[in-house]
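Encoded as structure tokens, the structure appears first; notes follow it.
The values are calculated or read from the model by the stated rules, or taken from the named source; none is laboratory data. All values derive from a computational prediction rather than experimental measurement. Note that we place each Cβ from the backbone using ideal geometry, even for glycine, and neighbour counts take in every protein chain shown.
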Amino acid sequence: MNVLSRIAAGGRACLRAWRRIPRAGRVCFVIAFVNVAIWSVVIPPFQVPDEISHFAYAQYVAETGSPPPQSGGLQYSQQEYAALLGLEWGAVIGNPNARGVITVPQDQALRALLRENPNPLGAGGTTVATNQPPLYYALEAIPYWLSPSNDILTRLAFMRLFSALMAAGTVLAVFLFLRELMPGTPWTWTAGALMVAFQPMFDFIGASVQGDNLLYLASALTFFVLARAWRRGLTVGRGAAIGGALALGMLAKLTFLALMPGAGLALLALAWRARGPGWQLSLRMLATSIGVAVAPVALYVLLNVTVWGRGSPLAGGLASVTSAVGPISTGGVSWHATLDYAWELFFPRLPFMNHVYFPGESPLWTLWLNGSIGHFGILDYTFPAWVYNDFRDLVYALAALSVIGVIRLRHAIRPLLGLFAGYTVMAGGLLAVIGYLSAQAALGGSYPFPQARYLFPLLALYALAIVLATRALPRRWAPVLGGLLVVLAMAHNLFAETLTISRYYG
Amino acid sequence: MARVRIAIGLAVLATAIGFLVDMSGSAPRGAGDDSVSRPVFANTVPGGGVLCQGSMVLPGDAASINILIGTYGHRMPRIAVQFKNLHGRTVATGALPAGVTVDPLGNRIALGYPHGPSVAGTLCLHVGGTHQIAFGGEPFPTTISAVRVNGQLQAGKVSVIYTRPGRESWWQLLGALDQRFGLGKSTIFGNWTLPVVALVALALWFAALRFLVRELT
């Protein structure tokens with residue numbers, strides 16, 4: 001009874017917290033959830049990058065209560081292998097003519113395979129996901145067990161819905177982030193949040209079982225809690241919130257470590273601003289934040305080397321901070337070459353750089369921008385080329401407007417410069433890690449696999465840039481541009497869905 | 001603000017027109033495939049020979065097949081297509097006449113249509129003439145290729161793409177999409193899923209637009 005009453009009290013507290021969120025934020029959350037839930041039904045099972053590995057990790061956690069040992073054994077359960085075979089997964093990826101299961105005999109063959117191979121317990125063999133922390137997968141174990149059926153595809157559908165909740169949480173965090181930075185213009189909170197809610201690549205990943213979803217949520221929350229503490233002042237509670245967001249991120253995916261230097265810098269600046277007459281309170285707030293961030297991570301490290309026996313404190317995860325990058329050869333790649341590669345991966349080559357790694361069009365467009373507009377499936381279907389060209393023109397215009405917006409709002413931005421310095425280091429840290437690992441993979445003879453989704457931990461900044469672009473216009477016209485951009489995002493999302501339907505069912 | 005309403009209204013109208021134009025475009029539509037790509041010429045058949053490929057599914061709405069044919073510079077021979085069900089009964093036939101030009105994107109061979117519902121079975125390609133020809137596909141080993149040429153196992157598998165009759169808009173394809181959408185997923189989904197998803201998406205658009213207009217004005 002005591003436990004039940006505590007659960008009820010917890011539920012009531014959650015409800016109160018939910019009600020404290022502005023109504024518009026709650027509506028953005030619901031809109032994002034419904035939109036991503038639609039995506040989760042539209043995308044056939046396992047047709048999202050690495051979903052097979054993330055599902056396998058979650059299934060192993062759900063079945064055994066511990067993360068995979070990363071043994072040399074089979075990567076997936078017998079049940080998952082059967083599903084992949086029956087879905088003709090290997091034949092569909094990369095083959096735009098192949099549809100997968102679209103006839104009744106194929107469906108019957110799939111069901112027969114699943115009936116003959118019911119074992120959901122795999123060996124926990126190494127995949128691109130197994131060296132990541134287990135928090136996302138432990139959370140996904142909840143819908144796995146709540147699923148009304150043991151059927152792997154039903155479980156996958158429920159787990160995808162849970163991911164959709166995380167995506168909706170990310171949108172809500174972006175809303176709250178904008179609310180802190182633009183307190184005088186409430187419509188910008190909604191416009192920015194809806195731009196993220198209808199970003200089709202974000203929705204595509206959000207609709208799948210993918211550890212990135214918790215990473216995006218934790219990143220957006222980090223941007224939000226830092227902004228909140230900056231505007232309202234650091235307190236012990238806000239310090240704990242920052243620590244909580246950082247812990248969530250570090251236990252979600254190790255990519256989050258790339259954001260830590262910037263977040264740490266912002267935290268130090270917050271403590272400096274809160275120092276007052278004595279340092280004691282300020283240090284206490286800082287210590288609270290660090291303690292809340294570090295304690296769960298320390299427990300994870302301890303469990304890795306003791307109970308779970310996963311080899312090393314971070315289970316070998318530091319070697320692949322961005323997922324899907326192949327084994328890395330650390331020898332033979334000079335720092336000079338690495339720096340050039342990492343720079344050219346994001347920015348135009350500078351005249352003094354000796355290496356020309358991307359002789360054609362810059363990856364800024366071909367990889368990052370086009371990938372954000374839409375490289376769907378296992379990167380095997382896209383929009384027609386004119387869509388990317390037209391979007392590029394729009395990006396030029398929006399970038400110019402954003403600069404004008406910054407100039408117009410310079411007086412409001414000036415007090416936030418310290419915060420933005422932290423955000424800049426966070427973004428730079430992420431680019432540096434992606435660039436470093438891509439360089440090591442590409443120049444070390446492995447297979448580089450950078451994808452636009454690796455930048456999605458910065459979705460809050462994307463929303464901010466859009467909002468700043470709208471603020472470049474006079475007061476009466478800014479909401480018009482905001483509305484037009486949101487409708488454009490909705491249209492983009494709609495046509496991405498119809499593109500997906502034509503790819504797999506047409 | 002009226003200007004916000006007008007701008008959003010015009011943007012929604014433009015989207016709706018784009019959507020209607022996209023949905024109304026007519027083109028040949030796929031009926032399925034054998035999940036084999038065609039990076040190489042994977043199988044060869046001597047003139048007068050027959051290639052039979054098992055583990056196939058003939059979709060009920062397939063009115064033709066597309067296969068990539070290599071003739072080594074010779075004139076295209078007649079190629080007859082025969083699809084047999086698991087009991088060995090012929091359920092669909094078709095033929096490519098001799099002398100047709102080789103199409104680098106694959107030649108289309110019409111099947112007798114309609115031929116009944118989707119069925120599992122074996123596809124046989126009867127090659128006329130005297131010269132060897134090759135079919136585009138993938139180099140599978142004999143253990144899983146399920147291909148026999150003149151009764152002998154052969155490595156490789158032929159890529160087969162099925163197409164529906166005539167040209168159709170997406171509106172005309174909705175019935176087929178509806179059925180396909182419920183397959184290869186959790187058993188909780190079915191023929192009801194696509195209509196419900198479409199309705200929910202429509203409701204989401206209305207709700208999001210209404211909310212947006214209210215917030216911006």
All positions within the range A:44-64 that are over 18 Å from the mean Cα position of the chain (by Cα) and surrounded by 24 or more Cβ atoms within 10 Å (Cβ to Cβ): A:PRO44, A:PRO45, A:ALA56, A:GLN59, A:TYR60
When you go through (1) more than 8 Å from chain A (Cβ to nearest Cβ); (2) within 18 Å of the chain's Cα centre (by Cα); (3) among the hydrophobic types (A, V, I, L, M, F, W, C) one by one for B:VAL36, which number turns out not to apply? (1)
Scan the range B:87-132 residue by residue and report those that are of a type in the set (Ser, Thr, Tyr) and assigned to a loop (DSSP other than H, G, I, E, B). B:THR101, B:TYR113, B:SER118, B:THR130
Does the range A:273-286 contain any residue that is surrounded by fewer than 22 Cβ atoms within 10 Å (Cβ to Cβ), within 25 Å of A:LEU178 (Cβ to Cβ) and either hydrophobic (A, V, I, L, M, F, W, C) or modelled with pLDDT of 95 or more (or both)? yes
Residue hits (the range B:38-86; part of a strand (DSSP E or B) and surrounded by fewer than 18 Cβ atoms within 10 Å (Cβ to Cβ)) are B:VAL40, B:THR44, B:VAL50, B:GLY54, B:SER55, B:GLY70, B:ALA80, B:ASN85
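Does A:GLY94 satisfy the condition of being on the phi > 0 side of the Ramachandran plot and within 14 Å of chain B (Cβ to nearest Cβ)?
Numbers: on the phi > 0 side of the Ramachandran plot: yes; within 14 Å of chain B (Cβ to nearest Cβ): yes.
It is true that A:GLY94 is on the phi > 0 side of the Ramachandran plot and within 14 Å of chain B (Cβ to nearest Cβ).
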Of all residues making up the range A:216-261, the number that are more than 18 Å from A:GLY291 (Cα to Cα) and more than 22 Å from the chain's Cα centre (by Cα): 4
Which of the residues that make up the range B:158-213 are without any contact (Cβ under 8 Å) to a residue 12 or more places away in the chain and among the small types (Gly, Ala, Ser)? B:GLY175, B:GLY184, B:SER186, B:GLY190, B:ALA198, B:ALA201, B:ALA203, B:ALA207, B:ALA208
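Among the candidates B:ARG89, B:ARG29, B:ARG5, which residue alone is out of contact with any strand residue (DSSP E or B) (no Cβ under 8 Å at 6 or more places or on another chain) and either under 28 Å from B:ALA198 (Cβ atoms) or not assigned by TED's automatic domain parsing to the domain that holds B:GLY112 (or both)?
On the way: B:ARG89 fails: either under 28 Å from B:ALA198 (Cβ atoms) or not assigned by TED's automatic domain parsing to the domain that holds B:GLY112 (or both); B:ARG29 fails: out of contact with any strand residue (DSSP E or B) (no Cβ under 8 Å at 6 or more places or on another chain).
Unique residue meeting the criteria: B:ARG5.
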Suppose the filter is closer than 30 Å to B:ALA27 by Cα and either in contact with a His (Cβ under 9 Å, 6 or more places away or on another chain) or in a loop (DSSP other than H, G, I, E, B) (or both); does B:GLY190 pass it? yes
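Select from the range B:199-217 the residues that are in a helix (DSSP H, G or I), surrounded by 14 or more Cβ atoms within 10 Å (Cβ to Cβ) and of a type outside the set (D, E, K, R) and list them in ascending order. So that I can check it myself, show each step before the final result.
Within the range B:199-217, the subset in a helix (DSSP H, G or I) is B:199-216.
After this cut, where a residue has to be surrounded by 14 or more Cβ atoms within 10 Å (Cβ to Cβ) as well, the list is B:200-201, B:204-205, B:207-209, B:211-213, B:215-216.
Within the range B:199-217, B:VAL200, B:ALA201, B:LEU204, B:TRP205, B:ALA207, B:ALA208, B:LEU209, B:PHE211, B:LEU212, B:VAL213, B:LEU216 meet the criteria.
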Filter the range B:1-37 down to residues that are surrounded by 15 or more Cβ atoms within 10 Å (Cβ to Cβ) and in a strand (DSSP E or B), then give me how many there are. 4
A:MET426 being under 30 Å from B:ALA2 (Cα atoms) and touching a residue at least 12 places away in the same chain (Cβ under 8 Å): no
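Output yes when any residue across the range A:465-487 is under 25 Å from A:ILE43 (Cα atoms), buried (at least 20 other Cβ atoms within 10 Å of the Cβ), at the interface with chain B (Cβ under 8 Å from one of its Cβ atoms) and not polar (S, T, N, Q), and no when none is.
Within the range A:465-487, the subset under 25 Å from A:ILE43 (Cα atoms) is A:486-487.
From what's left, buried (at least 20 other Cβ atoms within 10 Å of the Cβ): A:486-487.
Now drop any that are not at the interface with chain B (Cβ under 8 Å from one of its Cβ atoms), which leaves A:486-487.
Right, trim to not polar (S, T, N, Q) and you get A:486-487.
Scanning the range A:465-487, I find at least one residue that is under 25 Å from A:ILE43 (Cα atoms), buried (at least 20 other Cβ atoms within 10 Å of the Cβ), at the interface with chain B (Cβ under 8 Å from one of its Cβ atoms) and not polar (S, T, N, Q), so the answer is yes.
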Looking at (1) free of Cβ contacts under 8 Å to residues at least 60 places away in the same chain; (2) over 21 Å from A:LEU146 (Cα atoms), which one does A:VAL48 not meet, given that it meets all the others? (1)
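With respect to A:LEU156, determine if the residue is at pLDDT 95 or above, within 14 Å of another protein chain (Cβ to nearest Cβ), surrounded by fewer than 21 Cβ atoms within 10 Å (Cβ to Cβ) and within 21 Å of the chain's Cα centre (by Cα). Working first, answer last.
Details: at pLDDT 95 or above: yes; within 14 Å of another protein chain (Cβ to nearest Cβ): yes; surrounded by fewer than 21 Cβ atoms within 10 Å (Cβ to Cβ): no; within 21 Å of the chain's Cα centre (by Cα): yes.
Criteria not met by A:LEU156.
Could you pull out the residue among A:LEU345, A:LEU318 that is assigned to a helix (DSSP H, G or I) and either at pLDDT 75 or above or more than 21 Å from A:ASP212 (Cβ to Cβ) (or both)?
Values: A:LEU318 fails: either at pLDDT 75 or above or more than 21 Å from A:ASP212 (Cβ to Cβ) (or both).
So the residue among A:LEU345, A:LEU318 that is assigned to a helix (DSSP H, G or I) and either at pLDDT 75 or above or more than 21 Å from A:ASP212 (Cβ to Cβ) (or both) is A:LEU345.
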Output the residues belonging to the range B:125-179 that are buried (at least 18 other Cβ atoms within 10 Å of the Cβ), more than 14 Å from chain A (Cβ to nearest Cβ) and within 20 Å of the chain's Cα centre (by Cα). B:LEU125, B:PHE135
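Quick one: which of B:PRO46, B:PRO97 is outside the structural domain of B:LEU202 (by TED's automatic domain parsing), under 27 Å from B:PHE140 (Cα atoms) and touching a residue at least 12 places away in the same chain (Cβ under 8 Å)?
Numbers: B:PRO97 fails: under 27 Å from B:PHE140 (Cα atoms).
None of the other options fit; the residue is B:PRO46.
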Tally of residues being away from every other protein chain (no Cβ under 14 Å) and buried (at least 24 other Cβ atoms within 10 Å of the Cβ) across the range A:177-198: 2
Criterion (more than 12 Å from chain B (Cβ to nearest Cβ) and more than 27 Å from the chain's Cα centre (by Cα)) met by exactly one of A:ALA141, A:ALA112, A:ALA123: A:ALA123
